[in-house]
Amino acid sequence: MISVAPFLIFLVGAALAMVARGRLRDVIAVATPVVGAINLWALDGSAPMTVMLFGHGLILVEVDRLSMLFGWLFHLAVFVALVYNLYRPTKLEQVSILTYGASTMGAIFAGDLLTLLLFWEGLGLTSVFLVLARGTLRAERAAVRYLMLQVLSGVLLMCGIIVLINQGRSLAITPLELEGLAAWLIFLSLGIKAGFPLLHNWITDTYPEATETGTVIMSALTTKTSIYCLASLFPGTELLIYIGATMTVFPIFYAVLEDDLRRVLSYSLINQLGFMITGIGIGTELAINGAVAHAFAHVMYKSLLFMSMGAVLYRTGKIGASELGGLYRTMPKTTIMCIIGAASISAFPLFSGFVSKAMVMSAALQGGYDWVWLALLFASAGVLHHAGIKIPFFAFFGHDSGQRPKEAPKPMLIAMFIASVMCIGIGIFPGLLYDMLPYPVTYEPYTFEHVLTQLQLLLFAALCFVVLRVTKLEPHERPGVNLDIEWTYRWLLPRAGRCGYAILERIIHPLRQLSQIGMQSSVWLVKLWHGPGGLFARDPLISSASLAVVVIFTLVLLIDLIQGF
Amino acid sequence: MNDKKTYLFDKPRNVKLVIWTLVLACAGTLIADVFAHRHVDHPWESMFGFYAAFGFGAYALLVLVSEGIRFLVQRREGYYDD
């Protein structure tokens, strides 16, 4: 069967959506990922597609099990986001989502690093419009910061590739040893987009500022593209285990403190990425399978949670935990689907997180990483707090905020329903997902002890919530800004810049005065000599000079005459 | 708040029902633990009620530590905007 590069379909879809209007544009937008999926089905098992560009052979498409899995996942994510967006479709968002989808497809099917770079840059450039589309000053500023970090990531990747080319090494996407400048540059580049600790802040800065749909699709694509690249380029890199474990633990404290529920989910996103990165770091077949399965499950339940919060934001205009509460009364469908997402991320049995997260945990124990396992277990209890309980409880239950908004619009409900079906479907029939994983799966999630221990962990953590709530020890939600690493570039750097400028001004000021004095004195000197009445401008000098010329000329004439006789 | 309708959790009885269901479920998992012969990967896992205690403890620790660091990291709204 004939198939084309997956990104092409999205680009064509975007171009058509750009010129189409009204309903036709909506149909084109939603149909694009469907056509893409048919193409993807035909693409499976096909040979690499190459083109020549500036003397370099680019492998535009190279298909393997890992890229196919992410391909299916991202097609589904784009489709769900476009359906969700139909509640208030705008050309800007639709075209942006489609081109963003094209960038992702290009990146995961790229067969070499140069092709990857091309689409890597595209990820940031196309998605930034989903933040700008919000139309607020806050969003605009966040978008600029977002773009700077995304471009920095691209520049690092480019530098890494240049070093590789200079060393005469291959640009193929094969596992790299983390040694040498090139590997580190590429590692850091992926690290920015994967939200490594200290490089993570763009996620929590930008995602809460994007439009309702923007956050849904951004949370699905960029970071998971980086997870795909880490799994392809750095599997089994031990450093990733510790990076991942750190990422599971530190964001949960912020998630507890944070009031903006979409920012809570953004911190939670970093925590979930931590599980995947730990799995990639462990690098065994079970661990890689676990990381990839978790990425798949995660995209669905995280989209679902962001969609439910998007619906709340759209209907109430608010997103702070302290301003919301009691919405289950008039938004029951959204509430139920939010709870499905919450149960999935918390890894309750029969929901998707349960069948994927446990693979990474088991791999950690089998690899002898006891402390890492303990950190992941702590993080699992933490997930229950901020995503499992906080999100649904403070939005839909808790104290009655008195708001009685309408149920979410139909397109939102349909999109959430698709994601809910995926969450439960994967949870009940994990074999469907396991069959698509890169390595053969022998793992059995539904053993008696696993179900029991997981239920103990989650139910007792929930019991703790009830105890804290009943004894009124559970802290109140309060709005505020929580300082994170962004403090260095949003607070410290501007002030350091201003301070540095002031110091420079102090040093420069006397120098400037000195140069002024120098200028003035040279002007005075010039004036003295060449100005009116100056040495070289005096009248007598000129007249005597002309007299001298006349006298000499007369003398020469006379001498010549005398000689003539 | 013109809404006079009574909803599911407006009745304290229903809230209590949810809480007691949770308590019973917790007790159920502990009872099952007594009878279960568990295969474990790690010695700690074999301790009776390890996961239950860990879940409860981790949750409490998380909330308390977060509350403890609140004064360190939390600033007023609009902190960056001036």
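Taking the Cα of A:Ile508, stepping 7 Å toward and past its beta carbon, and measuring to each backbone N in the range A:469-501: which are under 18 Å?
Under 18 Å, as judged by backbone N against the label point of A:Ile508, lie A:494-501 of the range A:469-501.
Lysine pairs in the range A:235-477 with Cα distance under 15 Å, only those 8 or more apart or on different chains: how many are there?
5
Sorting check: for A:201-208, A:94-101, which peptide has the highest mean count of neighbouring beta carbons within 10 Å, and how do the rest follow?
Packing order, densest peptide first, comes out as A:94-101, A:201-208.
About the Cα centre of the range B:8-73, how large is the charge dipole given +1 on each Lys and Arg Cβ and -1 on each Asp and Glu Cβ? Please answer in debye to the nearest 20.
340 debye
Report, to the nearest 10°, how far helix B:12-35 tilts away from the longest principal axis of the Cα atoms in chain B, using its own Cα long axis and a range of 0 to 90°.
Between helix and principal axis, roughly 30 degrees.
Of B:Ile31, B:Ile69, B:Ile19, which is the most mobile in a GNM of chain B whose springs link Cα atoms less than 10 angstrom apart?
Of B:Ile31, B:Ile69, B:Ile19, the Gaussian network model singles out B:Ile69 as fluctuating most.
Once both axes come from the Cα atoms, what is the angle between helix A:137-166 and the longest principal axis of chain A, in degrees from 0 to 90, rounded to 10?
The angle comes out near 80 degrees.
Projecting each Cα onto the charge dipole of the range A:140-242 (Lys/Arg +1, Asp/Glu -1 at the beta carbon, about the Cα centre), which of A:Ala210, A:Phe234, A:Ile161 comes out farthest on the positive side?
Highest projection toward the positive end goes to A:Ile161.
In nm, give the distance between the simple-model label positions of A:Ser522 and A:Thr554, each being 7 Å from the Cα along the Cα-to-Cβ direction.
Result for the modelled spin labels: 4.5 nm.
Is any residue of the range B:53-67 close enough, with backbone N under 15 Å, to a label point placed 7 angstrom from the Cα of A:Val467 along the Cα-Cβ axis, and if so, which?
Those under the cut-off are B:53-65.
So how tilted is helix A:332-345 from the main axis of chain A? Cα-based, degrees 0 to 90, rounded to 10.
80 degrees
Set Lys and Arg Cβ to +1 and Asp and Glu Cβ to -1, take the dipole of the range B:8-73 about its Cα centre, and tell me which of B:Ser66, B:Phe48, B:Ile19 lies farthest positive.
Result: B:Ile19, furthest along the dipole toward the positive end.
With a cut-off of 8 Å between alpha carbons and a minimum separation of six or more residues, what is the relative contact order of the range A:235-477 in percent?
26 percent
From Cα pairs below 8 angstrom and at least 6 apart in sequence, can you work out the relative contact order of the range A:139-261, rounded to a whole percent? Intermediate values should be presented prior to the final figure.
Working: 101 pairs, mean separation 34.6, N = 123.
Across the range A:139-261, relative contact order equals 28 percent.
To the nearest 0.05, how large is the calculated FRET efficiency for A:Asp44 and A:Ser515 if R₀ is 60 Å and r is the Cβ-Cβ distance?
Efficiency, from the Cβ-Cβ distance: 0.25.
What whole-number distance in Å separates the alpha-carbon centres of the range A:65-112 and the range A:421-473?
Measuring centre to centre over Cα atoms gives 28 Å.
If you keep only loop residues by DSSP, which GluC sites (Glu not before Pro) in the range A:162-237 have at most 16 other Cβ atoms within 10 Å of their Cβ?
Loop-located and lightly packed - A:Glu177, A:Glu179.
In debye to the nearest 20, how big a dipole does the protein assembly as shown give about its Cα centre with +1 on each Lys and Arg Cβ and -1 on each Asp and Glu Cβ?
2180 debye
Over the protein assembly as shown, with a single point scatterer placed on each C-alpha, what log10 of the ratio I(q)/I(0) does the Debye formula yield at q = 0.06, 0.07, 0.09, 0.10 1/Å?
-0.38, -0.49, -0.75, -0.91
To make sure I understand, if each residue's beta carbon is the centre and we count other beta carbons within 10 Å, what order do A:Val466, B:Val63, A:Val292 fall in, fewest to most?
If I rank by nearby Cβ atoms, fewest first, I get A:Val466, B:Val63, A:Val292.
Viscosity 1.567 mPa s, temperature 4 °C: Stokes-Einstein D of the range B:8-73 from its Kirkwood Cα radius, in µm² per second?
Estimated diffusion coefficient is 87 µm²/s.
Pick out, in residue order, every one of the chymotrypsin sites (Phe, Trp or Tyr not before Pro) in the range B:19-82 that is DSSP loop and has at most 14 other C-beta atoms within 10 Å; say none if there are none.
Listed in order of number, the matching sites are B:Phe48.
Among the aspartates and glutamates, select those whose C-alpha is under 17 Å from the C-alpha of A:Lys527, and discard any that sit fewer than 8 residues away in the same chain.
A:Asp539
Fewest first, what order do A:Met331, B:Met47 take by the number of other Cβ atoms within 10 Å?
Numbers: A:Met331 26, B:Met47 13.
Lowest to highest Cβ neighbour count: B:Met47, A:Met331.
Find, to one decimal place in angstroms, the Kirkwood hydrodynamic radius of the range A:90-221, where the mean of 1/r is taken over every pair of different Cα atoms and then inverted.
Working: mean 1/r = 0.0656 Å⁻¹.
So the Kirkwood estimate lands at 15.3 Å.
What aspartates and glutamates could a cross-link reach from B:Lys11, if we take a straight Cα to Cα line under 19 Å and drop same-chain neighbours fewer than 8 places away?
A:Asp400, B:Asp3
Can you tell me the relative contact order of chain A? Whole percent, Cα pairs under 8 Å, sequence separation 6 or more.
13 percent
Any read-out appearing in this document is the output of simple, stated calculations on the displayed coordinates, not a laboratory observation. The model shown is predicted, which means the values in this text are computed figures rather than measured ones. Positions of Cβ are backbone-derived with ideal geometry, glycine not excepted, and every protein chain shown enters the neighbour counts.
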